[in-house]
Amino acid sequence: MDANSELFIRIGAALGIFLALALWEVLSPRRTWSIGRARRWPGNLGILVLDALLVRLLMPAAAVGMAVIAAQRGWGLLNITPWPPVLEGLIGFLALDLAIYSQHVAFHKVPVFWRLHRMHHADLDIDVSTGLRFHPIEIILSMLIKMGVVVLVGVPAVAVVAFEVVLNATSMFNHSNAAMPHWLDRIVRLLVVTPDMHRVHHSIKRPETDSNFGFNLPWWDRLFGTYRAQPEAGHEAMTIGLPIFRDPQELRLDRLITQPFRDDASEAGRAPQAKGGTDG
Ligand SMILES: [Zn+2]
Ligand SMILES: [Zn+2]
C-alpha cells in the first residue's frame, strides 16, 4: 500500500467512527452538557488539524516509517530472531499499548509534562472531540516515544498501523458522551476502556484524575493498581475538568495552545486558600 492510500484509509476510518460516535451521543447521551458542543468543538477540532499537520510536516515517516527501517536493518528484539508473524504483531501491539499507558502516567507525575497534558483535561465537558484534543508538543513527544519503542522492540509496520488506527478509534470511543447499558459496560470494559471508565479520569478530583490511565486496553490499570471503577459523585453529578482553566474563554484554540505556558489568572482558576484540611 502506498503512503497516500494509507493516509486516505486512515482519515476515512477516523471520520466514519467520529460521525458514528457523535450521532450516538445525540441519540443516547450519558450526561447533560455543562458547556456543549458549539463552544468546544472549534477549539478541539482546530487543535486536531494543527496536530495532524505538524506531525506530517515534522515527521512524515513517523512510527510506520521507523518500523520499515527497523525491519530492513534488523533493529529491535523481534528482528533479531525470527518469530511467527502473528506473535510478532501481538507483542508489538501490546508493547506500544503499555508504552502509551506508561507515558500517560509520566505525563501526570512529572510537572513539566503535566503542563502539556493538562490541556487535555481542561475540557469542561467530555465527548468524542475530547479524545482528539492533545497539545501539539505532547503529540510530538508521544510520536518520538512510539518511534523509540518501535526501534527497541522491532514492532512490525503492520502492527504499528493497526495500533494507531485502533488507538485513535478507542480514544474517540472512550471519551464519547454515549450511554451504554450497565451490563454491557461491565463486559466491554474487560477488553477495552469504556466511556464510563475513562470519564473517571476527567474528574476534577485529583485522586480520580490520577486513575484509569489506559486509552485502549484496560488491563494495565488493573495490573498496576491505578484502576477506579466509578467516580465518587456519580457520572451525572461529577464535575469534568480541572480546578484551573474553568473560564469558557479557555476553550478557544489560541488559549489551548498557550495553556502549558500560562498559569490560570482568571477568578475561577484562583486556588482557594488552604483551610488546614479540616473539611476535606
Ligand atoms: Zn490524563
Ligand atoms: Zn482523556
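Assorted remarks:
- Count of the range 166-225 residues which are β-branched (Val, Ile, Thr) and part of a helix (DSSP H, G or I): 6
- Only listed residue being part of a loop (DSSP other than H, G, I, E, B), of a type in the set (A, V, I, L, M, F, W, C), at pLDDT 95 or above and within 24 Å of Phe107 (Cα to Cα), chosen from Ala229, Ala233: Ala229
- From the list Leu48, Leu27, the one residue that fits, being loosely packed, with under 11 Cβ neighbours inside 10 Å and either at pLDDT 90 or above or of a type in the set (A, V, I, L, M, F, W, C) (or both), is Leu27.
- Screening Asp210 with (1) surrounded by fewer than 17 Cβ atoms within 10 Å (Cβ to Cβ); (2) in contact (Cβ under 8 Å) with a residue 60 or more places away in the chain; (3) more than 16 Å from ligand 2 (Cβ to nearest atom) gives one miss only, at (3).
- For the range 106-128, a residue qualifies if it is in contact (Cβ under 8 Å) with a residue 24 or more places away in the chain, within 13 Å of ligand 2 (Cβ to nearest atom) and part of a helix (DSSP H, G or I), and the qualifying residues are Phe107, His108, Arg118, Met119, His121, Val128.
- Checked against (1) more than 16 Å from ligand 2 (Cβ to nearest atom); (2) closer than 13 Å to Pro260 by Cα, Leu144 passes all but condition (2).
- Members of the range 171-184 that are of a type outside the set (A, V, I, L, M), surrounded by 15 or more Cβ atoms within 10 Å (Cβ to Cβ) and more than 16 Å from ligand 1 (Cβ to nearest atom): Phe173, Ser176, Asn177
- Number of the condition not met by Gly36 [criteria: (1) part of a helix (DSSP H, G or I); (2) touching an Asp or Glu at 6+ places or on another chain (Cβ under 8 Å); (3) modelled with pLDDT under 95]: (1)
- Within the range 70-87, the set of residues being closer than 27 Å to Asn4 by Cβ and surrounded by fewer than 15 Cβ atoms within 10 Å (Cβ to Cβ) comprises Gln72, Arg73, Pro85.
- Residue in the range 161-170 that is polar (S, T, N, Q), within 14 Å of ligand 1 (Cβ to nearest atom), closer than 23 Å to Trp41 by Cβ and surrounded by 21 or more Cβ atoms within 10 Å (Cβ to Cβ) present: no
- Among the conditions (1) in contact with a Leu (Cβ under 9 Å, 6 or more places away or on another chain); (2) within 16 Å of ligand 2 (Cβ to nearest atom); (3) not basic (Lys, Arg), Val155 misses just one, which is (2).
- When the test is whether a residue is crowded, with 21+ Cβ neighbours inside 10 Å and out of contact with any Asp or Glu (no Cβ under 7 Å at 6 or more places or on another chain), Val128 does not pass it.
- Among the conditions (1) in contact with a helix residue (DSSP H, G or I) (Cβ under 8 Å, 6 or more places away or on another chain); (2) away from ligand 1 (no atom under 16 Å from the Cβ); (3) of a type in the set (A, V, I, L, M); (4) touching a residue at least 40 places away in the same chain (Cβ under 8 Å), Val192 misses just one, which is (4).
- Ile91 vs. criteria within 16 Å of ligand 1 (Cβ to nearest atom), among the β-branched types (Val, Ile, Thr) and buried (at least 18 other Cβ atoms within 10 Å of the Cβ): no
- Odd one out for Trp220, checked against (1) in contact with a Gly (Cβ under 9 Å, 6 or more places away or on another chain); (2) within 16 Å of ligand 2 (Cβ to nearest atom); (3) of a type outside the set (Gly, Ala, Ser); (4) free of Cβ contacts under 8 Å to residues at least 24 places away in the same chain: (4)
The values are calculated or read from the model by the stated rules, or taken from the named source; none is laboratory data. Every value quoted in this text rests on a predicted model; they were computed, and no experiment measured them. Cβ coordinates were reconstructed from backbone atoms using ideal geometry, including for glycine residues, and neighbour counts include every protein chain displayed.
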